[in-house]
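A short worksheet on the structure shown next.
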Amino acid sequence: MNSIMPLVVTDLAKSFPTRGGDLVVLRGVNLTMQPGDAVAVLGPSGSGKSTLLHLIGTLDRPTSGSVRVDEQDPFALSETDLAGFRNRSIGFVFQDHHLLPQCTVLENVLVPSLAHRNDNRFAVRERAYRLLDRVGLTQRLDHRPAELSGGERQRVAIARALILKPKLLLADEPTGNLDRKSAHTVAQLLLDMHRQERTILIVVTHSIELARLLPRQLEMNDGTLVPWEGSPP
Amino acid sequence: MTFIALLLRNLRYHWRGNLAVFLGVALGAAVLTGALFVGDSLRGSLKELTLDQLGWVEQALVPGRSFRARLADALGAERAAPVLMLQGSAATSDDKKPKTVPKVNVLGVDERFWQDETSRQAASWNGGEDAVVLNRTLAAALGAQVGDRLTFNVQKSEAAPRETLLGKRDDVVQSVRVTVSAIVPDRGMARFTLRPSPEPVRNAFVPLRFLQKELQQDGKANAVFARSIRNKLQDTLTLDDWNLKLRTPADRARDFVRFLDPRNEDGVLRKSQWEGRVPESLAKAADKQGNLTVAAVIQYFEKHRPYISVESEQMFLDAATEKALVGVARSKMKSDPPTPLIYLADRISDGAAEMPYAVIAAVQPEHLPVAKPARLADDEIALVVWPGMPLAANVGDELTVNYYVPDETSKLQLRSATLRVGLLIPMEGPADDPADDPDWTPEFRGITDRLSISQWENPPFPYDPKRIKPIDEQYWKRFRAAPKAYLTLATGQRLWANRFGKITSVRFPHPWPYLGKDILKRLPAEAGGFVIQDVRALATRASSGSTDFGVLFLAFSFFLIAAALLLVGLLFRLNLDRRAAEIGLLLATGWRHGRVRWLLLAEGAALAIVAAAVGLLGALLYGDLMLRMLAANWPGGANLAFLRLHAAPISYVIGYSASVAMSVLTIVWATRILGKLSPRSLLAGETTAGANVFTQSSQLSRFVLIGALVGAAGCLVGGVVATGHTAKAGSFFGAGALLLTAALTFVWRWLHEHGAAKTPQPSLTRLGARNAGRHPVRSVLTVGLLASATFLITAVEAFHKETGPEFFGKRGGSGGFTLIAETDVPIFQDLNDPKTQANWDLTDEGASALRAAKFYALRVRHGDDASCLNLYQPLKPRIAGVPAGLRREGRFRFAGTIAEKTKPWDLLEPDLLESSRAANAIPALLDANTAQWILKKSLGDDLEITDDSGEKRTLRVVGLLQESIFQSEVLIAEEDFLRLFPRREGFQLFLIETDPAQAEAVKKALENALADQGIQAESTAQRLQSFLAIENMYLETFKALGGLGLLLGAAGLAIVLLRGVWERRGELALLRALGFRGAQLAWLVLAENALLVALGLAAGTIAALLAVAPHLASSGAAPLWGRLAGLLLLVVAVGLLSGAAAVWGSLRTPLLTALRRE
């Protein structure tokens, strides 16, 4: 039986023009994921992990190959529709949280809702409160990013990533800037939220500890994605 | 959280960056709106000044002739004052230090003139006292105090036109001696003038009645100033106003009685008074005692001389009056009336004998004074045969008539005409012969009112009393001025008609009831110059200015505005750079590029809206500063203290809207880069397009570079070929803009390529220089700012003008003349004539200098100064008539003519320019600067003027003089001048050719000899310099504002470098950690700085020098290269100082802090 696969990455390739010639980063990546799936992508620096994440997240366009989400090719969309697609379907958590320093915690979570006309602002606001409650920041709603710890900032970023119920939750080194304890908390929270929201979760990380928390681990090797053969837990 | 809330949050959070943008926009708005305020202020201040100078006066009647002062009462105006208004010079009577001040307005006024009580009470205005009230400007110029005695020299009034046989050319100046009774401040009526000018007016007010008496103009005025005139001028004029005399037989009879007995009171002439002086039939009317009553004389005149003679007090009846009079006569008569032209011949001779000083009448043959109709051909003369006539001519004999006529220099020349005797007219003496009528000849004081020829008073023509023989006296005694010969009117007019008229009277049959009214009905008021001018409206129009200072200062401020906008763009762009990750995040969360740009634009627009409003306050300061600068730098010492800041609501609206619009457009431009960057790049903090973008832009930039260079070459060639000022200006600006574009495109390409170059041996200098290529847009903006400043400074310096050596040549701007002089009172003598000079009290040195000098006299119709020295719009420009002699010499340099193949001056020749003549246009020359900037005329354009008869006439610009001394006037041929302005007499503008070494001696001698005429002489170089000083002042202003722009450029450079250093602080810290010394790091930053400065300097200088090359090649521009080099060094210094500030910033950061940040 052919079932619809929410995320299908086929022969994805990416190279960057440089003054010294094209730099090939990805060469034929294939990946298929269902709602509720989660995968950690490991690999050394410069192996193309983040590039893969950016391509799946439509922040960048592939040189060849395709990414399909719910049978839809986002790169076939116009720039405007692509932005709308990203807004509805994808949530990002970056290593550097990229919170708007001028906005409060609550406002930062609501930022994606400002991207497009939203008829149900009240419901979005309610969801923001609930998400922040779930990440344990109810008491910090009116605080500015500068007044939060690194772990707290990343929790806000997770809430922000989930505000519009995305199908894909993409995390790029989400614990990279955190201490061990905070990293663990954030990682656990990320997984919990993923499970509760039944998103597809892809985490790019150097952290074996974080990778092991996820049910599946892959590794970038010479521009392709291969199962991780790391040391057992 | 809403879009607006986020926007406000962003504005507040990024306040530092926003403040910089805010200040940039505010500065731009202040400069832009301030420039408009300068225009408002000029217009407003000029209007205030001129309206204050007009006081209560709204209308003026200044016909250029004298008329009844009581006309003022007849106008039915709400307020009206008759005035005798003259221009002349004033002199103190202090023997030790006599001081003469020219260009003084002497106004004879009565109480009605004054508005304020102080001035009204300053003198007894309605009396005849010799008091004068001076305005403060004149008092200061004279150094006069209350109680001082002063002499005013003005033009003497004269019955006959001076440029006719009977006009007095030597006795022109009338001195009026007065005592200063008060000095009034320069306010309101005290600085009254009809000719708007920023120059302070020198006014002297004397009681009208006193001045009338002094000038022998009792009851006369030559101007009426009024408010709300209700009556129609045409209905209020009388024959007196037209200077016409209507002489019935009774009038002439009474005049005859007065002639014989000026003190007659009882209306009776004694025998001793009339004996031998009247016809026999009139003598018979005397009673037994020999008394002849006036009634009897009147009866005689009505019977034997039954006509009404209409004459002019100026001898000749002008064309308009002649037309009206003949029209009136034709309305009731079957044939034309007698319209005689009377002339005084030097002699009539038959070869053997002569009749000296013979009156000859030219009249239609049908009106010859003969009993039976007779014929007379045009080549014939009808000789009156009277008892004792010395000539023995018969019909068919030839007679020679010698007569004097004034030539074009108003010098009398003896001419002769040979005519055949066609008729002998008997005038026996005792009989009542029709020819026995002295009233053919109009009255002329000092001649016709004398009982004998020996009593003639200073005849103004060559007169030798020795030539008068007893028989001539006998004739005069019996027949007085009765003509001794008659010609046909056609012949008489061919010999003696002049621009003042071609007949001397018109005879109407007597009686003719209401003849005066009939005549007045046919005399259009405007034909006599009787036109009510709405001087208030004219002054308001003139105060709009000859130059739109708003536009001018906008142009001056252009670079400053552009620099402010570039800075706004640069600062906004730097803000975007700093906020790259934030923008990337928004894009990553699904914000569309467009929405992000909207957010940024909305932020920018909000800033611009508030900043421009703040800028409007700054505009008031900027406008005020510009006005002060203008007032302080205005050359020639003219006082522009009247300038006040005015801000029109429309300027606020325009300035504000334009500032907001331009700022928003700049911000739109600055945010356009967002469309080229992926969210990923932005999240990584990248704001510079990658190599792939450059590859695409590279093609485009190549096209831009080639296109700009080709376009610039085209403009430069056009600049060499073009003759018109507009085309030349277009070539300069076009070439300049395209060359700068090409230079900046080249720099942009070079920075990209330089960044890619592989340097085998990297050095600190190369590394530093390559840093400039990291952010090519920033660097190009900075180079652009510096290049524009350099371009401006170089170009302005290249346009600087000085009086170069070519100016002094005959084909230069001076025409080879060393001096130029003007007089207040016209001069009728030939200044080259040794006899004229001999009458002057000169030192030996002065006399010899004058003998060696050559004078060219020009006629002038006074009007508004058309040069750049006059801030007002010249509505009635001054016109000068150029004599044929001067035109033939082909002097001066021309910027262009409408017919290139014809010699420029020939274009003024009355018959040469068929196209102009066909269109009834009079060819005229203008100085190119006056044409372009003040009168806004090009070759072939027309100027409309009003001639002496009130008719609109067209002057066509046929040639443009280059950098000449004639920037204040319009030049036409003297012949045309005399046709247009027949009533303007004498010469008031003089060009003097003399050895420059003798110039001062000539000037001194002239100022001594012609002090009474109010002569003012100056060197031609000085005159041109005064015009150039204005141009150079504008250039200096342009440069000063360019300098401010340069400061902004330097600020931009400093900001770019500091920003670069801040972004690379970790990199620099690392170098320090690796052991690089501070000096080495400073060099690293300075190398980048020096590169940008060098690129800016080279781009600006090369573009400017190429753009001005055609101008330098074709004009008298004299760039001060040394000064230019100095200014460019200043640019370098400012640029390097900016670099030093950046170095200081980079070295100040603590090492570890910087490293940690990295």
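Let me make sure I get this right: for segment A:76-179, a, b and c are the square roots of the gyration tensor eigenvalues over alpha carbons, sorted descending. Under 1.5 in a/c it's rounded, otherwise prolate if a/b > b/c, else oblate. Which is it? Oblate shape, in that a/c is at least 1.5 and b/c is the bigger or equal ratio. Radius of gyration (Cα atoms) of segment B:1-90, expressed as a multiple of 2.2 N^0.38 Å: 2.41. Within segment A:1-103, the trypsin sites (Lys or Arg not before Pro) that combine a DSSP coil assignment with at most 13 other C-beta atoms in a 10 angstrom radius are A:Arg19.
Applying a length cut-off of 27 Å (Cα extent along the axis) and a mean Kyte-Doolittle floor of 1.0 to the DSSP H helices of chain B leaves B:558-578, B:593-633, B:649-671, B:691-721, B:776-799, B:1078-1114, B:1121-1148.
Under the criterion of Cα pairs below 8 Å and six or more residues apart, the relative contact order for chain B equals 15 percent. Shielding by partners for peptide B:577-589, expressed as the average number of C-beta atoms from other protein chains within 10 Å of each residue's C-beta, is 5.
Each of B:Gly714, B:Thr248, B:Leu419 was scored by the projection of its Cα onto the charge dipole of the protein assembly as shown, and the greatest displacement toward the positive side belongs to B:Gly714; charges sit on the C-beta of Lys, Arg, Asp and Glu. When chain A is treated as a Gaussian network with alpha carbon springs shorter than 10 Å, the biggest mean-square fluctuation among A:Ile208, A:Ile56, A:Ile163 belongs to A:Ile208. Averaging 1/r over each pair of different alpha-carbon atoms in chain B and inverting the result gives 35.7 Å, the Kirkwood hydrodynamic radius. About the centre of its Cα atoms, the protein assembly as shown shows a dipole size close to 4940 debye [charges on the beta carbon of Lys, Arg (+1) and Asp, Glu (-1) only; nearest 20 debye]. Evaluated at q = 0.13 Å⁻¹, a Debye calculation over the C-alpha positions of chain A (equal weights, vacuum) places log10 I(q)/I(0) at -0.78. Rounded to the nearest 20 debye, the dipole magnitude of chain B is 5500 debye, with +1 charges on Lys and Arg beta carbons, -1 on Asp and Glu beta carbons, and the Cα centre as origin. Can you tell me how segment B:549-685 classifies by the Cα gyration tensor, rounded, prolate or oblate, using a/c under 1.5 as the rounded cut? Judged from the Cα gyration tensor, segment B:549-685 comes out prolate (a/c at least 1.5, a/b above b/c). For GluC sites (Glu not before Pro), the sites in segment B:1-78 that DSSP calls loop and that have at most 12 other Cβ atoms within 10 Å are B:Glu78.
The equivalent ellipsoid that matches the C-alpha gyration tensor of the protein assembly as shown spans semi-axes of 98, 31, 28 angstrom, in descending order. Beyond 17 Å, the tail of the calculated P(r) for segment A:129-174 holds 31 percent of the Cα pairs. Rounded to the nearest 5, what is the percent of antiparallel bridges among the DSSP beta bridges in the protein assembly as shown? Percent antiparallel among DSSP bridges in the protein assembly as shown is about 70. Taking the fewest neighbouring Cβ atoms within 10 Å as the starting point, the ordered list for B:Ser1026, B:Ser663, B:Ser89, B:Ser698 is B:Ser698, B:Ser1026, B:Ser89, B:Ser663.
Overall size of segment A:72-127 from C-alpha positions, given as principal axis extents largest first: 36, 31, 17 Å. From least to most packed, judged by other beta carbons within 10 angstrom and beginning with the fewest, B:Glu313, B:Glu985, B:Glu322 follow the order B:Glu313, B:Glu322, B:Glu985.
Exposure proxy ranking for B:Thr765, A:Thr51, A:Thr104, B:Thr930, based on other Cβ atoms within 10 angstrom of each Cβ and starting from the fewest, stands as B:Thr765, A:Thr104, A:Thr51, B:Thr930.
Within a straight-line Cα-Cα reach of under 28 Å, B:Lys477 can be paired with the following lysines, leaving aside sequence neighbours fewer than 8 residues apart in one chain: B:Lys168, B:Lys245, B:Lys271, B:Lys284, B:Lys288, B:Lys303, B:Lys372, B:Lys466, B:Lys469. Other protein chain C-beta atoms within 10 Å of residue C-beta, averaged over A:93-100: 4. When you count the other C-beta atoms within 10 angstrom of each residue and take the mean per peptide, B:961-968, A:69-76 line up highest first as B:961-968, A:69-76. Modelled label positions at B:Arg467 and B:Asp841, each set 7 Å beyond Cα in the direction of Cβ, lie 3.3 nm from each other. Taking a ≥ b ≥ c as the square roots of the Cα gyration tensor eigenvalues, segment B:144-188 comes out prolate, since a/c reaches at least 1.5 and a/b is larger than b/c. Both radii come from the Cα set of segment B:255-364: Rg as radius of gyration, Rh as Kirkwood radius; their ratio Rg/Rh reads 1.06.
No value in this document is a laboratory result; all are computed from the given coordinates. Nothing here was measured: the structure is a model prediction, and the numbers come from that model. FYI the Cβ positions are ideal-geometry reconstructions off the backbone, even for glycines, and counts take in every protein chain you see.
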